Ligand SMILES: [Zn+2]
Ligand SMILES: [Zn+2]
């Protein structure tokens, strides 16, 4: 079973969209939990350069993953948190923070999922750029399917249009992906969840 944890004040229509997408792609029951506030412990530290970009109030995605894992109900295999707030994580390359460090210490994300793991989180905050509501929802569906894919154990996939392709910091990668896993990713999912 997958449970969806909506964080206030994410749009209910977006929560339902994610439920639909996950039910269509994974042979698991999908249940929506009652909305909760975002944990204050996940709020980011103040970084002046980030605040100047108007991106001060963010939540650490890795803290959210731990929080979600701890609140996952018994009987659920995976928990996905949904928020309309900006989420971020420290981006490292071979253990070192990517340069410029002021930017990558608190790098904004679309989503993050433990691999393999039991929790993932998706933010709608960055999904409206250069698109309308319909385009935004397409992105949201793809990112949710991608992050649960990581939880199930999927790595980034080299196939051009596979949904498990690494977005490489670009929305374009997500827009170009089909809402489908390639055959080899699908085979791995089948093995793990059936
Ligand atoms: Zn990924
Ligand atoms: Zn693939």
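The values are calculated or read from the model by the stated rules, or taken from the named source; none is laboratory data. Nothing here was measured: the structure is a model prediction, and the numbers come from that model. Cβ coordinates were reconstructed from backbone atoms using ideal geometry, including for glycine residues, and neighbour counts include every protein chain displayed.
Numbers below:
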| read-out | value |
| --- | --- |
| Selection count, the range 174-194, where residues are under 19 Å from the mean Cα position of the chain (by Cα), more than 19 Å from residue 23 (Cβ to Cβ) and exposed (fewer than 14 other Cβ atoms within 10 Å of the Cβ) | 1 |
| Hey, residue 98 over 27 Å from residue 75 (Cβ atoms) and within 19 Å of the chain's Cα centre (by Cα) or not | no |
| Qualifying residue in the range 37-56 (condition: closer than 22 Å to residue 134 by Cα, outside any strand (DSSP E or B) and out of contact with any strand residue (DSSP E or B) (no Cβ under 9 Å at 6 or more places or on another chain)) | no |
| Residues satisfying the stated conditions in the range 116-145, i.e. closer than 14 Å to residue 20 by Cβ, surrounded by fewer than 24 Cβ atoms within 10 Å (Cβ to Cβ) and touching a strand residue (DSSP E or B) at 6+ places or on another chain (Cβ under 6 Å) | none |
| Condition met for residue 76 (exposed (fewer than 15 other Cβ atoms within 10 Å of the Cβ) and modelled with pLDDT of 95 or more) | no |
| Count of residues meeting criterion [exposed (fewer than 14 other Cβ atoms within 10 Å of the Cβ) and touching a residue at least 12 places away in the same chain (Cβ under 8 Å)] in the range 1-15 | 3 |
| Any chance residue 150 is within 11 Å of ligand 1 (Cβ to nearest atom), more than 10 Å from the chain's Cα centre (by Cα) and modelled with pLDDT of 95 or more | no |
